[in-house]
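To start, the structure under review is shown below, and the notes come after it.
The values are calculated or read from the model by the stated rules, or taken from the named source; none is laboratory data. Since the model is a prediction, treat every value here as computed from it, not as a measurement. FYI the Cβ positions are ideal-geometry reconstructions off the backbone, even for glycines, and counts take in every protein chain you see. We work out accessible area using only protein heavy atoms, side chains counted, and drop any ligands, DNA or RNA first. Shrake-Rupley method; radii C 1.70, N 1.55, O 1.52, S 1.80 Å.
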Amino acid sequence: MINIEENVRLAELTTLKIGGNARYFIRARSEDQVAEAFEYAAKNALKLFVLGGGSNVLVSDNGFDGLVLQIGISSKFHAPDSGLGTDVNPALITAGAGDDWDGFVANCVENNLAGVECLSGIPGLVGGTPVQNVGAYGQEVAETIVTLRCFDRNTQEFVALTNKECGFTYRTSIFNSSQRERYIVLSVTFALDRGGDPKLVYKDLIEHFIERKPSLAEVRDAVLKIRRSKSMVIEAGDPNSRSAGSFFKNPIVSRDDLAALRAEFDGVPFFEFGGAVKIPAAWLVENAGFRKGFALRNAGISANHTLAIINRGGASATEILSLKNEIQKAVEARFKISLQPEPVFVGFE
């Protein structure tokens with residue numbers, strides 16, 4: 001049985017603390033409740049938005065005139081084939097879509113399971129991580145995801161999708177591209193390396209350990225320390241963490257485009273990315289005139305991280321969008337690069 005609430009304030013369910021009310025709201029704690037919620041929305045001709053931990057969304061000041069479905073399914077990190085405390089490798093661990101992501105990462109590190117340690121401190125729930133192929137410090141969830149259990153809105157059936165079927169690329173999957181709004185993620189199964197070494201490819205991490213081999217726990221602690229220094233760990237006492245995380249994706253450009261940029265601008269940084277390169281969006285934002293601490297009314301840029309657009313206190317969604325637009329226009333004008341936002345925009349139709 002589902003519990004349907006009305007006029008629920010969404011701002012409190014997001015890390016930006018911005019947004020109006022949901023006309024209807026359901027928190028589903030089981031797969032059957034997800035199906036019931038979908039049936040209720042369809043029967044009443046309601047738009048449906050699936051909300052996770054609210055860490056990567058900007059909700060309209062007008063809220064959402066439909067049904068917001070928050071997934072609260074928890075699996076307590078059970079293992080379908082090989083469990084924690086066994087010698088089988090890789091370890092297949094399933095987490096519910098409603099499980100806290102950082103809690104899952106901490107559990108894996110504590111049990112000496114490698115594969116997600118660099119993704120420590122990322123806010124939100126497990127179910128949101130495959131949608132944008134969440135990544136940080138040289139690691140992505142696509143590297144360890146084996147299968148996803150989902151509810152297919154088209155067929156109204158529960159299905160399993162393999163890693164390949166998810167179409168993972170940089171910050172992209174079928175869930176936010178070709179099959180947007182078709183699948184609702186219910187649980188995710190990961191293959192983790194029991195006793196494996198931590199992944200060290202990110203410059204700050206390599207320099208932190210000065211060529212010595214760290215443990216998984218040490219890498220997790222280092223990642224958390226770096227993220228806290230950038231206010232990228234959600235903490236009540238830190239106003240700079242009142243954000244949706246990195247607001248823009250690192251643009252991917254051709255080598256020819258990079259050469260043209262470096263001919264015009266000194267010191268353009270880049271990272272290898274297959275046959276192309278990624279340019280840090282933070283560098284583009286800063287060099288387009290938007291420094292840390294920049295303010296536009298109640299919206300601003302974090303004092304600790306150029307890519308985080310923050311709610312300075314009492315900010316509206318309109319103010320956040322205004323700052324986003326100003327940044328995009330300035331980067332486009334100076335570098336001829338179109339920055340793409342990471343957050344999902346809800347209720348702006």
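The set of residues from segment 233-257 being assigned to a loop (DSSP other than H, G, I, E, B) and over 17 Å from Val331 (Cα atoms) comprises Val233, Ile234, Glu235, Ala236, Gly237, Asp238, Arg242, Ser254. The lone criterion from (1) open to solvent by 50 Å² or more (accessible area, probe 1.4 Å); (2) of a type outside the set (Gly, Ala, Ser); (3) under 22 Å from Phe271 (Cβ atoms) left unmet by Pro198 is number (1). Restricting attention to segment 282-303, the residues that are open to solvent by 10 Å² or more (accessible area, probe 1.4 Å), within 28 Å of Arg262 (Cβ to Cβ) and within 22 Å of the chain's Cα centre (by Cα) total 3. Please determine whether any residue of segment 258-281 is under 24 Å from the mean Cα position of the chain (by Cα), closer than 23 Å to Asn325 by Cβ, part of a helix (DSSP H, G or I) and at pLDDT 95 or above. Yes, segment 258-281 contains at least one residue that is under 24 Å from the mean Cα position of the chain (by Cα), closer than 23 Å to Asn325 by Cβ, part of a helix (DSSP H, G or I) and at pLDDT 95 or above. Take the residues in segment 1-29 that are of a type outside the set (A, V, I, L, M, F, W, C), outside any strand (DSSP E or B) and open to solvent by 40 Å² or more (accessible area, probe 1.4 Å); name whichever of them is nearest to Val185 (Cα to Cα). Applying the filter and picking the extreme gives Arg29.
Taking Val346 as the residue in question, decide whether it is crowded, with 17+ Cβ neighbours inside 10 Å, in contact with a helix residue (DSSP H, G or I) (Cβ under 6 Å, 6 or more places away or on another chain) and among the β-branched types (Val, Ile, Thr).
In short, no.
Selection within segment 173-195: residues that are among the basic types (Lys, Arg) and either open to solvent by 70 Å² or more (accessible area, probe 1.4 Å) or closer than 20 Å to Leu113 by Cβ (or both). The member of this set that is farthest from the chain's Cα centre (by Cα) is Arg194.
Screening Pro214 on (1) surrounded by fewer than 22 Cβ atoms within 10 Å (Cβ to Cβ); (2) under 20 Å from Val134 (Cβ atoms); (3) in contact with a helix residue (DSSP H, G or I) (Cβ under 8 Å, 6 or more places away or on another chain) shows it passes everything except condition (2). Residues in segment 30-39 that are in a loop (DSSP other than H, G, I, E, B) and aliphatic (A, V, I, L, M): there are none. Take the conditions over 17 Å from Ala308 (Cα atoms), assigned to a helix (DSSP H, G or I) and out of contact with any strand residue (DSSP E or B) (no Cβ under 9 Å at 6 or more places or on another chain) and apply them to Arg228. Does it pass? The answer is no for Arg228. Among residues of segment 151-179 that are farther than 21 Å from Ala136 by Cβ and without any contact (Cβ under 8 Å) to a residue 60 or more places away in the chain, those with a Cβ under 6 angstrom from a residue that is assigned to a loop (DSSP other than H, G, I, E, B) and open to solvent by 40 Å² or more (accessible area, probe 1.4 Å), sequence gap 6+ or separate chain, pair up as Asn154/Arg182. Being in contact (Cβ under 8 Å) with a residue 24 or more places away in the chain, within 23 Å of Val134 (Cα to Cα) and touching a helix residue (DSSP H, G or I) at 6+ places or on another chain (Cβ under 6 Å) is the requirement here; does Leu307 meet it? So Leu307 passes the test. Restricting the search to strands (runs of 3 or more DSSP E) fully inside segment 89-172 and requiring at least 3 residues that are touching a Leu at 6+ places or on another chain (Cβ under 7 Å) and either open to solvent by less than 20 Å² (accessible area, probe 1.4 Å) or among the hydroxyl-bearing types (Ser, Thr, Tyr) (or both) gives 145-152.
Looking only at residues that are touching a residue at least 40 places away in the same chain (Cβ under 8 Å) and touching a helix residue (DSSP H, G or I) at 6+ places or on another chain (Cβ under 8 Å) in segment 227-249, which one is surrounded by the fewest Cβ atoms within 10 Å (Cβ to Cβ)?
Filtering first and then ranking leaves Lys249.
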